[in-house]
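Down below is the structure, laid out as structure tokens.
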Amino acid sequence: FLFLIRLGMGDDQLSQAQQTEYKEVFAHFDKDNTGKLSKKDLGMLLLAMGEETEPGTMMTGDSIDFNTFLQIRQDKWAKEQSGEEVKAAFQVFDANGTGMISAEDLKRIMTTMGTEQLTPQEADQMVKDAGGGNISYNDFVDKMKRKT
């Protein structure tokens, strides 16, 4: 959740630099130079990237080639850039289904949950940028997208 907030939402296509970086990482784990990764090697790659994705969910067979891997990364990037994952995360904390979350709840979440916790000052600034009070998560995501 917080990773997605810190993420610069904007372009929904991977940049050339991102594609090159994925190619280099993939090649690093492709020890046999086959152009494919086994489930085990893909798991190590994902772990190195800090992802908790189960490798088997990305594979249809015994291995994955780079183009398939890159397409999966592209799809994930586009989904993240759309803000849908942020909205889904907000909905978890919207017990009443109002489309709103209190500023206090948002600050608590941003400073205590996830792998990239914000400092209280960073959380205060995000809440201020979002307008304070009760925050519409659709408006919050839209504002975050415009800031990038």
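Values for this structure:
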quantity: Only one of LYS23, LYS79 that is at pLDDT 90 or above, farther than 19 Å from VAL127 by Cα and surrounded by 12 or more Cβ atoms within 10 Å (Cβ to Cβ); calculated: LYS23
quantity: Pairs, first assigned by the TED database to the domain that holds GLU104 in segment 122-137, second open to solvent by 20 Å² or more (accessible area, probe 1.4 Å) and β-branched (Val, Ile, Thr), C-beta under 6 Å, six or more apart; calculated: ALA123/THR111
quantity: Whichever residue in segment 47-65 is aliphatic (A, V, I, L, M) and surrounded by 14 or more Cβ atoms within 10 Å (Cβ to Cβ) and, among such residues, is farthest from the chain's Cα centre (by Cα); calculated: ILE64
quantity: Residue within segment 58-67 that is modelled with pLDDT of 90 or more and either assigned to a helix (DSSP H, G or I) or at positive phi (or both) present; calculated: yes
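The values are calculated or read from the model by the stated rules, or taken from the named source; none is laboratory data. The shown structure was predicted, so the numbers you read here are calculated from the model rather than taken from an experiment. Neighbour counts are summed over all protein chains in view; Cβ atoms, including those assigned to glycine, are modelled from backbone coordinates with ideal geometry. Surface areas here come from the heavy atoms of the whole protein model, side chains and all, with no ligands, DNA or RNA. Shrake-Rupley method; radii C 1.70, N 1.55, O 1.52, S 1.80 Å.
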